[in-house]
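Below is one structure; the comments refer to it alone.
The values are calculated or read from the model by the stated rules, or taken from the named source; none is laboratory data. All values derive from a computational prediction rather than experimental measurement. Here Cβ is always computed from backbone atoms with ideal geometry, including for glycine, and neighbour counts include all displayed protein chains.
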Amino acid sequence: QKEVEQDPGPLSVPEGAIVSLNCTYSNSAFQYFMWYRQYSRKGPELLMYTYSSGNKEDGRFTAQVDKSSKYISLFIRDSQPSDSATYLCAMSSGYSSASKIIFGSGTRLSIRP
Amino acid sequence: EPEVTQTPSHQVTQMGQEVILRCVPISNHLYFYWYRQILGQKVEFLVSFYNNEISEKSEIFDDQFSVERPDGSNFTLKIRSTKLEDSAMYFCASKDSGTRSTDTQYFGPGTRLTVL
């Protein structure tokens, strides 16, 4: 079983729709959960960061973590064409301060005007 | 807003040559990382670096790779003898003190390495 699994898509939705992106993971040691956005041939850009279970909201973005199910989600409300990108879920254990990040394979999202 | 910078943006080299990829992390950050992304694949961890020594390295990071923080601002990745399969985007990342509220890594724009 892969440590982090993410549906690669592509996912295409009309402008204004609510987008739901998801990842599952197998390592119960993961404590920190992140969503990065990556445009083609660019570096990952941090969108959301959560520690442990629960919800976190930032503008049109909501990150959700369910540690009991080992499942994380990112919701995008009122999606815009500029949201078109690849979204990477990422997580780390935080056991040491230098903990590495494990990434999902990324979901390619396209918002149709 | 402070950001991680990387140079060059694109490096082309011949197989067997040495390359050095350069990164300037965010100035008050203490933890430094290299990741790579082969085209169409996921971002993979290579190495983490703290207090002038390697904290952790992946199995990809073999004897051909080395890292250095030569002058307190730059962080470099050296590949001694490049192979075709080293062709990838290489991302540098840095992180603050590692307290719970700030345990996030910020990534640079990447260096695209092409080995011919």
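Structure above, values below:
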| read-out | value |
| --- | --- |
| Residue A:39 being under 23 Å from residue B:109 (Cα atoms) and among the hydroxyl-bearing types (Ser, Thr, Tyr) | yes |
| Whichever residue in segment A:63-93 is within 13 Å of chain B (Cβ to nearest Cβ) and either in contact with a helix residue (DSSP H, G or I) (Cβ under 8 Å, 6 or more places away or on another chain) or not in a loop (DSSP other than H, G, I, E, B) (or both) and, among such residues, is farthest from residue B:54 (Cα to Cα) | A:63 |
| Unmet requirement for residue B:63, which otherwise passes all of (1) within 14 Å of another protein chain (Cβ to nearest Cβ); (2) free of Cβ contacts under 8 Å to residues at least 24 places away in the same chain; (3) part of a loop (DSSP other than H, G, I, E, B) | (1) |
| Check on residue B:79, closer than 23 Å to residue B:15 by Cα, touching an Asp or Glu at 6+ places or on another chain (Cβ under 7 Å) and more than 9 Å from chain A (Cβ to nearest Cβ) | yes |
| Segment A:32-50 residues that are within 14 Å of residue A:101 (Cβ to Cβ), paired with ones that are modelled with pLDDT of 90 or more and among the basic types (Lys, Arg) (beta carbon under 7 Å, 6 or more apart) | A:45/A:37; A:47/A:37; A:48/A:56; A:50/A:56 |
| Any hit, segment B:41-50, residues being in a strand (DSSP E or B) and either among the acidic types (Asp, Glu) or away from chain A (no Cβ under 14 Å) (or both) | yes |
| Selection from segment A:54-105 of residues that are of a type in the set (A, V, I, L, M) and either in contact (Cβ under 8 Å) with a residue 24 or more places away in the chain or over 24 Å from residue B:95 (Cβ atoms) (or both) | A:63, A:65, A:72, A:74, A:76, A:85, A:88, A:90, A:91, A:101, A:102 |
